[in-house]
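Student: Encoded as structure tokens, here's the structure I'll be asking about.
The values are calculated or read from the model by the stated rules, or taken from the named source; none is laboratory data. Keep in mind that what you see is a predicted model, and the values were worked out from it rather than measured. Here the Cβ positions follow ideal geometry from the backbone for every residue, glycine too, while neighbour counts run over all protein chains shown.
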Amino acid sequence: MPVGKVPAVQTRFVQGKAAYHFGFRRDLQGKAAYRFGFRRDLQGSRASVLRFRQDYVFLYVMSLESLFEQYTGAAPVSVVPLTGSASHRRYYRLTGADGCTLIGVEGTDADENRAFLTIDHHFASKGIRVPKVLAEDGLCYLQEDLGSTILYDALADGRSRGAYSPDEVALLRKTMAALPKIQIEGAKGLDFSVCYPQPSFDGRMVDFDLNYFKYDYLKLTGLEFNEVRLQDDFDRLKADLLAEPSNTFLYRDFNARNVMLVDGEPWFIDFQGGRRGPIYYDVASFLWQARARYPEALREELLQVYLEALRAYGPVDETHFRERLRLFILFRMLQVLGCYGYRGLWEKKQAFIDSIPPALDIVRNLLPFKDYPYLTEVLAGLCGEDFSTPPSAPLEMTEEGSSASLGMTEGSTLRPDEDPLSCQPDDAPLSFRPSKTPLSFRHEDPLSCQPNGAPLSFRPSEASGEISSLTVTVYSFSFKKGIPEDASGNGGGYVFDCRSVHNPGKYERFKQLTGLDAPVIEFLEQDGEILRFLDHVYSLVDAHVERFLKRGFTHLQVSFGCTGGQHRSAYSAQHLAEHLVAKYPVRVHLIHRERGIERWLPEECVECK
């Protein structure tokens, strides 16, 4: 057969394949067109939903405007949406031509609205400081405007520092002193049947919160546990929580976000989830709020303020009160961990992930519970402790809130704010390794744990006060001038980019200053952003330092860069250097490259110079 000659049958076969492929392509094109049309329909549906929501909101705003006009006699000149609470309720500030302002509230549940309105009227009649409801219409109502200052915002400086000023303490004292009146006077004559979603604190509520902890936190950690034994302890805990009948009001969401400040006095909002229940829950909710960072001495002071106000309504057995309170702190922290697990570990919201270590710190200080031995064992595993054989005597809360009765020695374990395993990168969930050894939050990193799986723990005391052979070089630098080279030849270590932090260099008053000057330091620390950034840095660098000390390595380099190498990087380098020297027996060579500043730490380390 001549080369290039194709038999007729083969030609037909090839043509048939081509026709088949052409038809297949047409089918694909048809499917693509169908999918494109489907996507357009979806987009149209989304647009319809969006328009529906806009129309829905518009109707409620119209209703609020109508209520405003009925109440004041004139239509509002402006309606401004406000940042609401965690619920689906919407808030607006309506302003009249004369400057009068009222708050408009759009609810989504008639029963929830009825609960709020009923409790609000009742509380007001008892002289409790709550916003007065002025007009209502179905799911909408108007209330007096208490302003824009909430207690949570007023305490921002103290929360970021972990130390509260006298003015901040005074606000906290007033708030705690007002709580017994809400709980006791507020309960007298209240129709609890209107409470939403249920009239009283009961076994179902306890089950909901304990299961919240188990399914949305504990199971996400990967910690192995015996579900039957845990449920046995849950049942005992539930029976103990419900052991005392109560006829007092349980606020349920008593926290600094639900306290408004008017002329320096606390006013109370968002109590629509309240019900009949024990007084201990709200005390635990407020004073043991994980993110508040109340020092133990302040927490004890505020507890005494509360007890003194409570005694106005009858005698208080303080020993019994503290025993009951301890149970409710445990219960509340389990519920909180469930929330942090769902919002943080599941939904990947970093703020909730960052709240887990301080919550575990509170749990750690409560342990052990002799009546719940297996729950104690599980919680100890989460906290990086070992209470598998609890002491015979339960933990007693001292005035300092310490855990001295546990026989714990200083430096025997890492607190969450010191634990190199306690944080993860912003774009990753916390990672836990199933293990029967005590667990801490772990990075997916070979440096993050010891060979036996136990949390790293290295203290200067272990080196008998002697400086080790490890030198940590810490740089601040400008990215415009390049990343510092590692003169040791080890590859450069960590390089941290500080440019995500609010830049003081944008403001004229800071341009001639550096991150070592007090005004810049105050500016950077004001919103706590750089402190959170450094918490993550400490976690990573501490893990390296501890492993390098164990293995006898001699050099590690850490560099902080920002735009000019003047403010954010200088602050970060300085603080890391001081942190490492205070915590470990290392030499630190601190170099602020763009400032021409170079020093050795500790200062007495003469041979380093």
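Student: What's the total number of residues in region 158-185 that are in contact with a Lys or Arg (Cβ under 6 Å, 6 or more places away or on another chain) and small (Gly, Ala, Ser)? Reasoning before the result, please.
Tutor: Step one: list which residues in region 158-185 are in contact with a Lys or Arg (Cβ under 6 Å, 6 or more places away or on another chain), which gives 159, 162, 185.
Next, only the ones that are small (Gly, Ala, Ser) stay: 162.
Going through region 158-185 one residue at a time, the tally reaches 1.
Student: What do you reckon, is Glu594 closer than 28 Å to Leu155 by Cβ and either assigned to a helix (DSSP H, G or I) or among the hydroxyl-bearing types (Ser, Thr, Tyr) (or both)?
Tutor: No; evaluated as a whole, the condition is false for this residue.
Student: Here is a further query. Quick check on region 556-566. Is at least one of its residues surrounded by fewer than 21 Cβ atoms within 10 Å (Cβ to Cβ) and under 15 Å from Val474 (Cβ atoms)?
Tutor: There is no residue in region 556-566 that is surrounded by fewer than 21 Cβ atoms within 10 Å (Cβ to Cβ) and under 15 Å from Val474 (Cβ atoms).
Student: Taking only region 526-541 into account, find how many residues are modelled with pLDDT under 90 and either within 14 Å of Asp354 (Cβ to Cβ) or charged (D, E, K, R) (or both). Working first, answer last.
Tutor: Here is the first cut: in region 526-541, the ones modelled with pLDDT under 90 are 526-528.
Filter once more, so that each one left must be either within 14 Å of Asp354 (Cβ to Cβ) or charged (D, E, K, R) (or both): 527-528.
Qualifying residue count, region 526-541: 2.
Student: Across region 257-276, what is the total count of residues that are of a type in the set (Gly, Ala, Ser) and under 21 Å from Asp209 (Cα atoms)?
Tutor: Matching residues across region 257-276 total 2.
Student: If Gln289 passes every condition in (1) over 29 Å from Arg229 (Cα atoms); (2) crowded, with 18+ Cβ neighbours inside 10 Å but one, which one does it miss?
Tutor: Condition not satisfied by Gln289: (1).
Student: When residues of region 122-157 are filtered for being farther than 30 Å from Gly104 by Cβ and either basic (Lys, Arg) or assigned by TED's automatic domain parsing to the domain that holds Pro295 (or both), how many remain? Before you say what the answer is, go through the steps one by one.
Tutor: In the first step, residues of region 122-157 are kept if they are farther than 30 Å from Gly104 by Cβ; the result is 157.
Checking which are either basic (Lys, Arg) or assigned by TED's automatic domain parsing to the domain that holds Pro295 (or both) leaves us with none.
Total satisfying the criteria: 0.
Student: Pairs, please: C-beta under 9 Å, at least 6 apart or cross-chain, first residue among the acidic types (Asp, Glu) and in region 146-158, second buried (at least 18 other Cβ atoms within 10 Å of the Cβ)?
Tutor: Listed by first residue and then by second, the contacts come to Asp153/Ala256; Asp153/Leu261; Asp157/Tyr164; Asp157/Glu168.
Student: Follow-up question, since we're still on this one. Looking at region 76-90 only, could you name the residues that are within 28 Å of the chain's Cα centre (by Cα) and buried (at least 17 other Cβ atoms within 10 Å of the Cβ)? Break it down stepwise before answering.
Tutor: Step one: list which residues in region 76-90 are within 28 Å of the chain's Cα centre (by Cα), which gives 81-90.
Once the filter is applied, which keeps residues that are within 28 Å of the chain's Cα centre (by Cα) and buried (at least 17 other Cβ atoms within 10 Å of the Cβ), region 76-90 yields Arg89, Arg90.
Student: Which count do you get for residues in region 482-505 that are over 28 Å from Asp527 (Cβ atoms) and either charged (D, E, K, R) or in contact (Cβ under 8 Å) with a residue 24 or more places away in the chain (or both)? Steps first, answer last, please.
Tutor: Here is the first cut: in region 482-505, the residues over 28 Å from Asp527 (Cβ atoms) are 482, 484-493.
Pick out the ones that are also either charged (D, E, K, R) or in contact (Cβ under 8 Å) with a residue 24 or more places away in the chain (or both) and you get 484-486, 488, 490, 492-493.
So the count comes out to 7.
Student: Is it true that Gly528 is touching a residue at least 24 places away in the same chain (Cβ under 8 Å), outside the structural domain of Gln350 (by TED's automatic domain parsing) and touching a His at 6+ places or on another chain (Cβ under 7 Å)? Spell out how you get there, then give the answer.
Tutor: Numbers: touching a residue at least 24 places away in the same chain (Cβ under 8 Å): yes; outside the structural domain of Gln350 (by TED's automatic domain parsing): yes; touching a His at 6+ places or on another chain (Cβ under 7 Å): no.
Answer is no for this residue.
Student: Please work out if Tyr306 is closer than 30 Å to Ala177 by Cβ and either touching a residue at least 24 places away in the same chain (Cβ under 8 Å) or small (Gly, Ala, Ser) (or both). Can you show your working first?
Tutor: Values: closer than 30 Å to Ala177 by Cβ: yes; either touching a residue at least 24 places away in the same chain (Cβ under 8 Å) or small (Gly, Ala, Ser) (or both): yes.
When the stated conditions are applied, Tyr306 passes them.
Student: Still on this structure, I have one more. Which ranges mark the helices (runs of 4 or more DSSP H) fully within region 146-234 that have 3 or more residues being crowded, with 19+ Cβ neighbours inside 10 Å?
Tutor: On the way: elements: 151-154, 156-161, 166-180, 203-213.
In region 146-234, the matching helices (runs of 4 or more DSSP H) lie at 166-180, 203-213.
Student: I've got another one for you. From the list Ala359, Ala380, exactly one residue is within 28 Å of Ala239 (Cβ to Cβ), small (Gly, Ala, Ser), under 17 Å from the mean Cα position of the chain (by Cα) and modelled with pLDDT of 90 or more. Which is it? Break it down into steps so the answer makes sense when it comes.
Tutor: Values: Ala380 fails: under 17 Å from the mean Cα position of the chain (by Cα).
Only one candidate qualifies: Ala359.
This table checks each residue for (1) modelled with pLDDT of 95 or more; (2) within 26 Å of Tyr342 (Cβ to Cβ); (3) within 21 Å of the chain's Cα centre (by Cα).
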residue: Leu220; (1), (2), (3): no, yes, yes
residue: Leu223; (1), (2), (3): no, yes, no
residue: Asp253; (1), (2), (3): no, yes, yes
residue: Val259; (1), (2), (3): yes, yes, yes
residue: Glu265; (1), (2), (3): yes, no, no
residue: Phe268; (1), (2), (3): yes, no, no
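Student: Working only within region 91-138, note down all residues that are touching a helix residue (DSSP H, G or I) at 6+ places or on another chain (Cβ under 7 Å), surrounded by 14 or more Cβ atoms within 10 Å (Cβ to Cβ) and of a type in the set (D, E, K, R).
Tutor: Glu106, Arg114, Lys126, Glu136
Student: Name every residue in region 313-340 that is assigned to a helix (DSSP H, G or I) and small (Gly, Ala, Ser), in order of residue number. Talk me through it step by step, then tell me what you get.
Tutor: Going residue by residue through region 313-340, those that are assigned to a helix (DSSP H, G or I) are 313, 318-340.
Within region 313-340, Gly338 is the sole residue that qualifies.
Student: Somewhere in region 504-518, is a residue among the polar types (S, T, N, Q) and either surrounded by fewer than 17 Cβ atoms within 10 Å (Cβ to Cβ) or more than 24 Å from the chain's Cα centre (by Cα) (or both)?
Tutor: Yes, region 504-518 contains at least one residue that is among the polar types (S, T, N, Q) and either surrounded by fewer than 17 Cβ atoms within 10 Å (Cβ to Cβ) or more than 24 Å from the chain's Cα centre (by Cα) (or both).
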